[in-house]
Amino acid sequence: MDRQYIWHPFTPFDSWLSSQYDILSITRAQGAYLYDQQGRAYLDGNSSIWTNIHGHQCVEINRAIIRQLGKVAHSSFLGLTNELAPLLAKNLVTQANRGDKNAFSKVIFSDDGSTAIEAAVKVVFQSHQLGKRAQRKKFICLGGGYHGDTVGAMSVGQSSLFHGAYGALLFPSTSVQSPYCYRCPYNRAKSQEADARLYRKCKWECIGDLKKKLRSVSGQLAGVVMEPLVQGAAGMIMHPEGYLSQAADLTRKQGGWLILDEVMTGFYRTGQLFAHFHEDVRPDALALAKGLTGGYLPLATTLVTEELVAPFYGGVERTFYHGHSYSGNQLGCAAALANLKLLDKPSFSVNLQKRIAEMSDLSSRFWEHPFVGDVRQCGLILGVELVRDRRTKEPFPWQDRIGWQVCEAARKFGLLTRPSGNVLILMPRLNVTCRELRSMIEALEAALYDVFPNENKNMKPDK
């Protein structure tokens, strides 16, 4: 029935419809494990597409949803409110502001990352128009950036793979060089068996490109859109320390507003509640989703500053005509509040830092494989980039789907994860145990040697 009736996201028909492809149906889950229709267990190596925070069947989140089900599952947010949405909005604003009362002031509710970015782009654009800055219509974004698949989100993305077919539908935006140290043409350092950000030799040419593009739209800049620290779908591109803070300063000097997409990086994925905390940056709009509900329900928010909101005060002509049927959904808000309560526990952050250090130690073993070009980590996000030639950094042709082949092989070793092109990704739940983390690393390594055999390597991963 699945093959007959369903069109799966980001999935080519030829492989999915092939009788040789073993479709897994997930029937239940517990902690770090997913179970298929045969009862086989798999470690959830990418937190169910970067959403799950505390593991499956989290008791506290389950209870919160069940309690809310006994009251009301959903009611309209148009002209009405409910008991939970204001509590969640206040919690998010308070934590994101970190004591700065002049920062975020309002929260827009939506459904997912794309809609959160869509709202941010529209608010920034309309705020300029209402504020008598009608000439400010230009958006700048990072090369390779991905912010979702709605038309506005695609317009401020720069992924030719995901968005190339829809160019005629999109409004124009200006891209700048991504701070991708491993593949930066200006990085003069010779390749080492270490994260390329740590041994790079450059003159911040990526910042120079941003300066140049900002000057080219001087007086017309509406905003700069980026994922802070880590560009997820682009291949877990991890930015060098200092890039975000410099980009934020340059944006403000040009009178533009900074939109940060923390759909993936938010809620401690990078080691802090929000990725922009690492460089003490204050965005003007902040998009959140994925981990907001702990990985349970579709809910998203866009936090905006009072400076953006101010032009909307007044008559009906200043209304922000934007919304969603499930805005402020009570079940989603209940899950999100339970999630944030768990994140506030002092023991959570301590244990997280231990796991981050363990992942760093364990992942060093990937350097032993000759087709590994770069191993990069931010928090509990790991990217292992595969190359045909480590010396020249020649990539495998994307049509060969090498990353996909390795992740498919990982199933045999009890791991489910999904690559981004030739980049293998591990992003476990944040309360992952040391044993689970070790098993994930070993399973992914075993899969790598399964696709690229090496007779001198004796792999015996934990099952």
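Looking at segment 57-64, is at least one residue closer than 29 Å to residue 284 by Cβ and over 25 Å from the mean Cα position of the chain (by Cα)? Outline the logic, then answer.
First, pick out the residues of segment 57-64 that are closer than 29 Å to residue 284 by Cβ: none.
No, every residue in segment 57-64 fails to be closer than 29 Å to residue 284 by Cβ and over 25 Å from the mean Cα position of the chain (by Cα).
Would you please list the contacts, defined by Cβ atoms under 6 Å and residues six or more apart or on different chains, that run from a residue in segment 82-95 that is among the small types (Gly, Ala, Ser) to a residue that is surrounded by 15 or more Cβ atoms within 10 Å (Cβ to Cβ) and outside any helix (DSSP H, G or I)?
Note: pairs meeting the criteria are 85/328; 89/107.
Among (1) part of a helix (DSSP H, G or I); (2) assigned by TED's automatic domain parsing to the domain that holds residue 433; (3) out of contact with any Asp or Glu (no Cβ under 7 Å at 6 or more places or on another chain), there is one condition residue 383 misses while meeting the rest; what is its number?
The number of the failed condition is (1).
Is it the case that segment 394-405 has a residue that's assigned to a strand (DSSP E or B) and among the polar types (S, T, N, Q)? Walk me through how you get there before you give the answer.
Step one: list which residues in segment 394-405 are assigned to a strand (DSSP E or B), which gives 394-395.
Checking the rest, the ones that are also among the polar types (S, T, N, Q) come to none.
Scanning segment 394-405, I find no residue that is assigned to a strand (DSSP E or B) and among the polar types (S, T, N, Q), so the answer is no.
Do you know which of the residues in segment 342-359 that are more than 30 Å from residue 88 (Cα to Cα) and either in contact with a strand residue (DSSP E or B) (Cβ under 6 Å, 6 or more places away or on another chain) or hydrophobic (A, V, I, L, M, F, W, C) (or both) is surrounded by the most Cβ atoms within 10 Å (Cβ to Cβ)?
Pass one, segment 342-359, residues more than 30 Å from residue 88 (Cα to Cα): 357-359.
Of the ones still in play, those that are also either in contact with a strand residue (DSSP E or B) (Cβ under 6 Å, 6 or more places away or on another chain) or hydrophobic (A, V, I, L, M, F, W, C) (or both) are 357, 359.
On the way: 357: 10, 359: 23.
Per the stated criteria, the residue is 359.
Looking at 336, 310, 287, which one is more than 27 Å from residue 56 (Cα to Cα) and touching a residue at least 12 places away in the same chain (Cβ under 8 Å)?
Details: 336 fails: more than 27 Å from residue 56 (Cα to Cα); 287 fails: more than 27 Å from residue 56 (Cα to Cα).
Exactly one of 336, 310, 287 is more than 27 Å from residue 56 (Cα to Cα) and touching a residue at least 12 places away in the same chain (Cβ under 8 Å), namely 310.
Looking at (1) in contact with a strand residue (DSSP E or B) (Cβ under 6 Å, 6 or more places away or on another chain); (2) touching a residue at least 24 places away in the same chain (Cβ under 8 Å); (3) not small (Gly, Ala, Ser), can you tell me which one residue 67 breaks?
The single condition residue 67 does not satisfy is (1).
Looking at (1) of a type outside the set (Asp, Glu); (2) assigned to a loop (DSSP other than H, G, I, E, B); (3) without any contact (Cβ under 8 Å) to a residue 40 or more places away in the chain; (4) at negative phi, which is the one condition that is false for residue 132?
(4)
Go through segment 218-244 and give me each residue that's surrounded by fewer than 19 Cβ atoms within 10 Å (Cβ to Cβ) and either modelled with pLDDT of 95 or more or on the phi > 0 side of the Ramachandran plot (or both).
Once the filter is applied, which keeps residues that are surrounded by fewer than 19 Cβ atoms within 10 Å (Cβ to Cβ) and either modelled with pLDDT of 95 or more or on the phi > 0 side of the Ramachandran plot (or both), segment 218-244 yields 219, 220, 241, 242.
Give me a count of the residues in segment 60-104 that are modelled with pLDDT of 95 or more, in contact with a helix residue (DSSP H, G or I) (Cβ under 9 Å, 6 or more places away or on another chain) and among the basic types (Lys, Arg).
3
Can you list residue pairs whose Cβ atoms sit under 8 Å apart, with the first residue in segment 401-415 being at negative phi and assigned by TED's automatic domain parsing to the domain that holds residue 441 and the second being hydrophobic (A, V, I, L, M, F, W, C) and modelled with pLDDT under 95? Count only pairs 6 or more apart in sequence or on different chains.
Pairs that qualify, where the first residue is at negative phi and assigned by TED's automatic domain parsing to the domain that holds residue 441 and the partner is hydrophobic (A, V, I, L, M, F, W, C) and modelled with pLDDT under 95, are 411/24.
Here are 451, 406, 432: which of them is out of contact with any Pro (no Cβ under 9 Å at 6 or more places or on another chain) and farther than 24 Å from residue 291 by Cβ? Give the steps one after another, and end with the answer.
Values: 406 fails: out of contact with any Pro (no Cβ under 9 Å at 6 or more places or on another chain); 432 fails: farther than 24 Å from residue 291 by Cβ.
The conditions single out 451.
Could you list, in sequence order, the residues of segment 159-176 that are farther than 17 Å from residue 258 by Cα and free of Cβ contacts under 8 Å to residues at least 60 places away in the same chain?
The initial filter retains those residues of segment 159-176 that are farther than 17 Å from residue 258 by Cα, namely 159-172.
Hits for segment 159-176 are 160, 163, 164, 165, 166, 167, 168, 169, 170, 171, 172.
Among (1) assigned to a helix (DSSP H, G or I); (2) loosely packed, with under 15 Cβ neighbours inside 10 Å, where does residue 91 come up short?
Going through the list (1) assigned to a helix (DSSP H, G or I); (2) loosely packed, with under 15 Cβ neighbours inside 10 Å, residue 91 breaks only (2).
List pairs: first in segment 100-114 and under 19 Å from residue 77 (Cα atoms) and outside the structural domain of residue 299 (by TED's automatic domain parsing), second buried (at least 21 other Cβ atoms within 10 Å of the Cβ) and basic (Lys, Arg), Cβ under 7 Å, 6+ apart or cross-chain?
none
Which of the residues belonging to segment 202-217 are crowded, with 17+ Cβ neighbours inside 10 Å, without any contact (Cβ under 8 Å) to a residue 60 or more places away in the chain and assigned to a loop (DSSP other than H, G, I, E, B)?
Within segment 202-217, 202 is the sole residue that qualifies.
Just checking, does segment 281-289 include any residue being in the same structural domain as residue 91 (by TED's automatic domain parsing), more than 30 Å from residue 374 (Cβ to Cβ), more than 18 Å from the chain's Cα centre (by Cα) and not in a strand (DSSP E or B)? Give the steps one after another, and end with the answer.
Step one: of segment 281-289, the residues in the same structural domain as residue 91 (by TED's automatic domain parsing) are 281-289.
Adding the requirement that they be more than 30 Å from residue 374 (Cβ to Cβ) leaves 282, 284-285.
Add one more test, that the residue is more than 18 Å from the chain's Cα centre (by Cα), and what stays is 282, 284.
Filter once more, keeping what is not in a strand (DSSP E or B): 282, 284.
Among the residues of segment 281-289, at least one is in the same structural domain as residue 91 (by TED's automatic domain parsing), more than 30 Å from residue 374 (Cβ to Cβ), more than 18 Å from the chain's Cα centre (by Cα) and not in a strand (DSSP E or B), which makes the answer yes.
Can you pull out the residues in segment 220-275 that are in a strand (DSSP E or B), closer than 21 Å to residue 124 by Cα and aliphatic (A, V, I, L, M)?
Applying the first criterion (in a strand (DSSP E or B)) to segment 220-275 yields 221-226, 230-231, 237-238, 257-261.
Those left that are additionally closer than 21 Å to residue 124 by Cα: 221-226, 257-261.
221, 222, 224, 225, 226, 258, 259, 260, listed by residue number.
Select, from 148, 157, the only residue that is outside any helix (DSSP H, G or I), buried (at least 20 other Cβ atoms within 10 Å of the Cβ) and at pLDDT 95 or above.
On the way: 157 fails: at pLDDT 95 or above.
One residue alone meets the criteria, 148.
Considering every residue within segment 348-367, establish whether at least one is over 23 Å from residue 230 (Cβ atoms) and in contact (Cβ under 8 Å) with a residue 40 or more places away in the chain.
There is no residue in segment 348-367 that is over 23 Å from residue 230 (Cβ atoms) and in contact (Cβ under 8 Å) with a residue 40 or more places away in the chain.
The values are calculated or read from the model by the stated rules, or taken from the named source; none is laboratory data. Not measured: the values here are computed from a predicted model. Cβ coordinates were reconstructed from backbone atoms using ideal geometry, including for glycine residues, and neighbour counts include every protein chain displayed.
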